[in-house]
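Heads up: the structure comes next, in C-alpha cells.
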Amino acid sequence: MKEIYRAGAERMAAVFTDMAVASCKSGKGILVFVHKSVDGDCVGSACAACLIFASLGAKAKVAMPEELPETMNFMGVKDLLLIPGTDDGQLTEYGYALVTDCAESHRMGVRGELFESFDDPAIVDHHELTGFSGDNKWILPQASSASEMIYCIAVKIAESLKRPLGDILDPVAAGCILTGIVTDTGRFTYSNTRPETLEAAGVLAELGGSITDVCHNLFDRKRVSQFFLSNTVCSKARLLCGGRLAIAAVTRAMFNDFNACDGDIDDVVSRLRDIDGVELAVVLRETPDGTLRGNLRSKTSFDCSLFAGNYGGGGHKRAAGFTVEGITIGDLYEDIIKKAESLL
C-alpha cells in the first residue's frame, strides 16, 4: 500500500472497528450517508462499508436520499438501502454515522437534516475539502475514489485482525468497490487511475468482483429510450468559444417525448467532452422535482470544481456538478456560456 494511503487507512480501520464494537454493545446500528444524485462511487463505497461492518458483527444500512437508479440494480445491494418514505420507524435503531464520497449535509438531499443530528460522524472522502479534521475523518483528494479508500481500510482491518481479506470483503463488497473505482476513473481511463488503483482492482476481481459486469451495466448497456434521447441531446449540442465549449440542455419535455428517466443522459457529458478541441463540456437538465442539474467534464486545463462553485456545486477538477433552483434552464444556459467565455 502506498504511503499516502497507509496512515489514513490504519486510522480509519481502527475507527471502523471501534464503531462496530460500540454498535454491537449498544444495539444501535450504523447509518452510512451519501450525496444526492447518487453515482457508482457513493453507492459502492457506502454499501461496501456496510458489508465491512457486517463482517465485524455490526448492523449497518445506507441512508439513501433517493431510489437506487435502475442501472445499479446489478450490484445486489437493495437489502442494504433505506429509501426515503419506506423507512418510517426504522431510523431510531441507528446511533452512529459514517458518510462516504461526501462530507457536507447540504449535498445529501432529504437526508441532510438526519445527518446533522449525529455528533461527530466519521468521514471518508476524496474531494478537496477544508474545515473537516479529526481522528475519524479521512480526506484524500489523491485517491481515485472513495471506494478505493474503503478498500484500503478493509485491507488494514484484515491485517489488524489477522483475518483473510476475503473475510472482510465478500464478493458483493468487492463488486461494490469495483463499481465505485470504475465509475470515478471512467473505466480506468482518467488521469486519477494510478498503479495502486489497478492493483486494488486486480485484488477485488480475485475476491469475486466483476469488472466486466460493472462496465457493461454502467457504460455499455442502453435502453431504447436512453439510446435515442442521448443521441438527440448530442445532436442538439452547441460548440462555442472556438470549439472549446460543448453545451447541451435537456428539458422535461424531452425526457417525456422519449419516455426516458433522469439518468438516461448520464453519458452525454462525456461524449461531448471527447470531441476534438473541446476543453469543457456542460449538460444541463430539468429534474423531476423542478430543480436544474448541471454536469461538467474537462480535459486538461479547466477546473470544473471551481466553475461549479459559481452555482453552489463542486467535485473534482475534471468532473463536477451542481444543482440550482429559481432560474430557467434557458437563463442558466446563457449564464454558463457567458462565464465560460472569459475562462476558455
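Each value in this text was obtained by applying a stated rule to the coordinates, not by laboratory testing. Just so you know, these numbers come straight off a predicted model, no measurement behind them. Positions of Cβ are backbone-derived with ideal geometry, glycine not excepted, and every protein chain shown enters the neighbour counts.
Computed from label points 7 Å out along Cα-Cβ, the spacing between residue 194 and residue 132 is 1.8 nm. Full extension of the chain between residue 206 and residue 291 yields a length gain of 26.4 nm, computed as 0.36 nm times the residue separation minus the alpha carbon distance. Only beta bridges with both residues in the stretch 224-341 are counted; by DSSP, about 75 percent of them are antiparallel. Rounded to the nearest 20 debye, the dipole magnitude of the stretch 191-291 is 460 debye, with +1 charges on Lys and Arg beta carbons, -1 on Asp and Glu beta carbons, and the Cα centre as origin. Note that the stretch 109-120 has calculated 3J(HN,Hα) couplings of x, 5, 8, x, 5, 5, 4, 5, 7, 8, 7, 6 Hz, one per residue in order, obtained from phi through the Karplus relation 6.51 cos²θ - 1.76 cosθ + 1.60 (θ = phi - 60°); glycine and proline are x.
Peptide packing for 57-68, 73-84 was compared via the average number of neighbouring C-beta atoms within 10 Å per residue; ordered from the highest value, the list is 57-68, 73-84. Indicate the gyration tensor shape class of the stretch 212-254 (rounded, prolate or oblate), computed on the Cα atoms with a ≥ b ≥ c the square roots of the eigenvalues: a/c under 1.5 is rounded; otherwise a/b larger than b/c is prolate and the rest oblate. It is oblate, given that a/c is not under 1.5 and a/b is not larger than b/c.
In a simple Cβ point-charge model (Lys, Arg +1; Asp, Glu -1; nothing else charged), the chain has a dipole of about 540 debye relative to its Cα centre.
The calculated FRET efficiency for residue 339 paired with residue 253, based on their beta-carbon distance and R0 = 25 Å, is about 0.45.
Think of the stretch 13-170 as having a plus end and a minus end, set by charges on the Cβ of Lys, Arg, Asp and Glu; of 75, 114, 160, 160 sits farthest toward the positive end of this dipole.
Here the calculated FRET efficiency for residue 239 and residue 22, from their Cβ-Cβ distance with R0 = 45 Å, stands at 0.25, rounded to the nearest 0.05. Across the chain, Cα pairs under 8 Å and at least six residues apart give a relative contact order of 13 percent. If the chain linking residue 90 and residue 225 were pulled fully straight, counting 0.36 nm for each residue of separation and taking away their Cα-Cα distance, it would gain 45.0 nm. How many percent of the alpha carbon pairs in the stretch 224-341 exceed a separation of 21 Å? When every Cα pair of the stretch 224-341 is considered, 31 percent fall beyond 21 Å. Bridge orientation summary for the chain: considering DSSP beta bridges with both residues in this region, about 45 percent are antiparallel.
For the stretch 298-344, the set of GluC sites (Glu not before Pro) satisfying both a DSSP loop assignment and a count of at most 13 other C-beta atoms within 10 Å is given as 325. Under the simplified labelling scheme, the residue 327-residue 299 pair shows an inter-label distance of 2.6 nm, with each label point 7 Å from Cα along Cα→Cβ.
Derived from the Cα gyration tensor, the three semi-axes of the equivalent ellipsoid of the chain are 34, 21, 19 Å, largest first.
Computed from point charges on the beta carbon alone (+1 for Lys and Arg, -1 for Asp and Glu), the dipole magnitude for the stretch 224-341 about its Cα centre is near 360 Debye.
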